[in-house]
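The values are calculated or read from the model by the stated rules, or taken from the named source; none is laboratory data. All figures in this text were calculated on a predicted structure; none of them were measured in a lab. Cβ coordinates were reconstructed from backbone atoms using ideal geometry, including for glycine residues, and neighbour counts include every protein chain displayed. Quick note on the areas: whole protein, heavy atoms, side chains included, nothing else; ligands and nucleic acids left out. Shrake-Rupley method; radii C 1.70, N 1.55, O 1.52, S 1.80 Å.
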Amino acid sequence: MALQDEITRRRTFAVIAHPDAGKTTLTEKLLLFGGAIHVAGAVKSNKIKKGATSDFMEIERQRGISVATAVMGFEYAGCKINILDTPGHEDFAEDTYRTLTAVDSVIIVIDGAKGVEAQTRKLMDVCRMRKTPVIVFINKLDRPSKEPFDLLDEVERELHIRVRPLAFPISNGPTFKGVYNLYEKNLSLFTSDEKLTADASTVEISDLDAPELAQHIGGQFAEQLRQDVELVEGVYDEFDRDAYLQGELAPVFFGSAVNNFGVRELLECFVRIAPSPRPAPTETRTVEPQEGKMSGFVFKIHANMDPNHRDRIAFLKICSGTFERNRNYLHVRSGKQMKFSSPTAFMAEKKSVIDFAYPGDIVGLHDTGNFKIGDTFTEGEALKFTGIPSFAPEQFRYIENADPLKFKQLAKGIDQLMDEGVAQLFTSALNGRKIIGTVGALQFEVIQYRLEHEYNASCRWEPISIHKACWIESDNAAQLADFKKRKHTNMAVDKHGRDVFLADTSYALALAQENFKDIRFYFASEF
């Protein structure tokens, strides 16, 4: 198949939402309808229920939340679909923000009872900034929910985007009857006993005035549906795919992911309207997917995908050309040629070796510590892809070894987990103690848990008062040396040996910036 055909049939998207809106459950059901799995898992797993495919880390199964982005690929209706299920919790938001640089479109999941929540607004801001096409899925209609039109108004108001419903619910909560598909003009009826397999009953009703509508859902609900659909057609413009692709219009679907409702409608419509891989910006030019030469960037590193092998995987998003196994590619940052004997495709933690990958695909590369987030691979051209965010840590703690016999395991664990880019390691110039900086407090719990379960090392945290970490640089060597001498008690180095000033108050930081004019202060490590 020609490169252009492979590009056209690719759909790479992320599922994003506020915690607990049903994101992982929706991902699971998309895999189910796509034929990638045969029985859907539950987010909180126990011995009887199967766990969700995308929550493959032990801590995710126990807490019932996603803490790392999982990648899953499957074939559906002639398309190759790559889903990235992201963490919803704000303490893991940076993993989600980076993931948004690697996808061509997004599905936002909203809880029908709670409406638009804080984290959803933040994620939508990132999508708007990047002009990423967005589809909204309003979930949990099997529970008492807000009125559909109120929800549509709220999405428009809170997310600053025009909406167009392509499916409409028939009631909600205990009287929820199903979803009418405005795009296909058919009705999916609600049979809540079929939750784990892909067998929902669909009735073809193209004419809502037909008497059989009342036979299926009852006269009262039939009349209500006719009025609602008439109102939708009167108030909202026709669906405009170009406006959707520009990120100006969001199609809206309703359903109950846990009961399979509205999921097939979402998937069928998604395959038709979602964009195939889009051009990617670099510092020098824009890379088109159709270009003959391979290029791609690393947007995520995950330590211990397989705890038995202590392996580390770099996630490479292919932006152009064809990626081939055992072929030499230039690692732009180091200037070295590298080839990969076992690049992998993903189904969460299950991996299979691939020979070729195309634009839009996510490839796993075995990493022995050579790669960083943002690294570029090409066939020789020195490209650097832009827009991959880095975050300044906001919470800091000393990390101490709780078991003197496990010093090596702890050092290795910290080293590998810091490479994932979700936390930063600083070594104090004053006493050589190790300080971890993260964006959210929950990260400390996850790091401690993973050190214990993946590296057999135990740590304890001690408080430290730091307001901000600032990376410093200067062309004035004398002033830099003077600064480091005066601020010796607040100086540290990061994992790459760069100078970092750990300001204990905002006043101390402002004073330092005022008194040392030739020093540049950076609040994120990418400069």
ask   = Once label points are set 7 Å from the Cα along Cα→Cβ at both Asp482 and Thr505, what is their separation, rounded to one decimal in nm?
value = 2.4 nm
task = Could you rank the peptides 104-114, 247-257 by their average count of other C-beta atoms within 10 Å per residue, with the highest value first?
result = 247-257, 104-114
key: Cut-off under 5 Å, modelled amide H: who pairs with Asp142 long-range   = Gly173
key: Linear extension gain, Thr322 paired with Ala77, 0.36 nm per residue minus alpha-carbon span   = 85.9 nm
key: Computed FRET value (nearest 0.05) for Glu223 with Gln4, which takes r as the C-beta separation and R₀ as 41 Å   = 0.25
remark   = Taking placed amide H atoms and a strict 5 Å upper bound, the residues 5 or more places from Arg433 or on another chain that come that close are Ser428
Accessible surface, the range 390-493, averaged per residue in Å² (probe 1.4 Å) = 47 Å²
request  = For Gln290 and Arg128, calculate 0.36 nm times their separation in residues minus their Cα-Cα distance, and state this gained length in nm to one decimal.
outcome  = 55.8 nm
task = Kindly write out, for the range 135-144 in residue order, the coupling ³J(HN,Hα) from the Karplus curve 6.51 cos²θ - 1.76 cosθ + 1.60 (θ = phi - 60°), rounded to whole Hz, with x marking Gly and Pro.
result = 10, 9, 10, 8, 9, 6, 6, 6, 10, x
ask   = Counting other Cβ atoms within 10 Å of each Cβ, which trypsin sites (Lys or Arg not before Pro) in the range 244-300 have at most 15 and sit in a DSSP loop?
value = Arg285, Lys293
query = What is the set of long-range amide H partners of Cys459 at a cut-off below 5 Å, with H atoms built 1.01 Å from backbone N?
reply = Ala402
ask   = What nm distance separates the two modelled labels at Glu268 and Glu238, each placed 7 Å from Cα along Cα→Cβ?
value = 2.1 nm
key: Flagged links, alpha-carbon separation over 32 Å, of Lys29/Lys122; Lys300/Lys406; Lys408/Lys517; Lys140/Lys384; Lys131/Lys185   = Lys408/Lys517; Lys140/Lys384
query = Glu400 versus Gln337, label points 7 Å from Cα toward the beta carbon: distance in nm?
reply = 5.2 nm
